Amino acid sequence: MVGMRVGIGHDTHRLAPGGPLRLGGIDIPHDKGSVGHSDADVLMHAVVDAILGAAALGDVGQMFPDTDPTNRGRDSAEMLCAARDAVAAVGWRIVNLDCIVFAQRPKLLPHRQVIRKRLADLLDIDPDRVSLKGKTGEHVGPIGQEKAIAAECVALLESK
Ligand SMILES: [Zn+2]
């Protein structure tokens with residue numbers, strides 16, 4: 001019997017004037033960017049937490065504490081690769097990801113395929129295994145008023 005594990009990740013970052021917006025490992029031209037200790041890539045952080053969560057290996061904040069000055073401005077792609085290697089080291093392989101980005105603007109659609117490919121390349125899986133959806137905040141709440149951006153991810157792992 002093949003072992004399977006599911007994990008969930010969620011992240012929120014504040015938005016501030018001045019782009020670009022780093023999302024899913026790419027820089028999207030935009031008039032706002034997300035604020036954080038690292039590169040503040042909200043989607044990447046949700047994916048890392050989902051993968052680590054599925055293997056019960058903690059979370060991104062444990063692996064890369066924001067109290068550590070070496071993590072300032074860190075490329076979240078490095079965090080994703082570290083999470084990939086950590087779950088592989090304990091015998092898990094990534095089956096698929098299903099992700100949602102919550103942002104009033106910019107539109108995700110024009111960037112969707114590039115982000116899917118970027119995440120898939122970093123995880124060494126086929127882009128068909130990376131689903132990405134966008135939701136607006138319907139102009140209400142911190143998402144809808146463009147004060148924040150959030151992301152969620154569900155990841156499935158199988159034993160190698
Ligand atoms: Zn984050």
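Every read-out reported here was derived from the displayed coordinates using simple, explicitly stated rules and does not represent laboratory data. Remember, predicted model here, so these are calculated numbers, not experimental data. In this analysis, Cβ positions are derived from the backbone assuming ideal geometry, glycine residues included, and neighbour counts consider all displayed protein chains.
Here region 91-157 carries DSSP beta bridges of which approximately 55% are antiparallel, counting only pairs with both residues inside. With the biggest extent put first, the Cα atoms of the chain measure 49, 35, 25 Å across the principal axes. Between the alpha-carbon centres of region 11-44 and region 52-124 there is a gap of 14 Å. Other residues whose C-beta falls under 13 angstrom from the C-beta of Leu21 contribute a net charge of 0, scoring Lys and Arg +1 and Asp and Glu -1.
Taking Ala86, Ala46, Ala55 in turn, the Gaussian network model of the chain (Cα-Cα springs below 10 Å) assigns the largest fluctuation to Ala86. For the chain, modelled as a GNM whose springs connect Cα atoms under 10 angstrom apart, the maximal fluctuation among Ala89, Ala50, Ala148 occurs at Ala89. Partner lysines whose Cα lies under 26 Å from the Cα of Lys133, excluding those fewer than 8 positions away in the same chain, are identified as Lys32, Lys107, Lys117, Lys147. The relative contact order of region 4-159 comes to 33 percent, based on Cα pairs under 8 Å that sit 6 or more residues apart. A simple spin-label model places the labels of Val140 and Ser159 4.7 nm from each other, with each point 7 Å out along Cα-to-Cβ. Taking the helices alone, the chain has a mean residue ellipticity at 222 nm of -8500 deg cm²/dmol, built from -39,500 (n - 2.57) per DSSP H run of at least 4 residues and averaged over all its residues.
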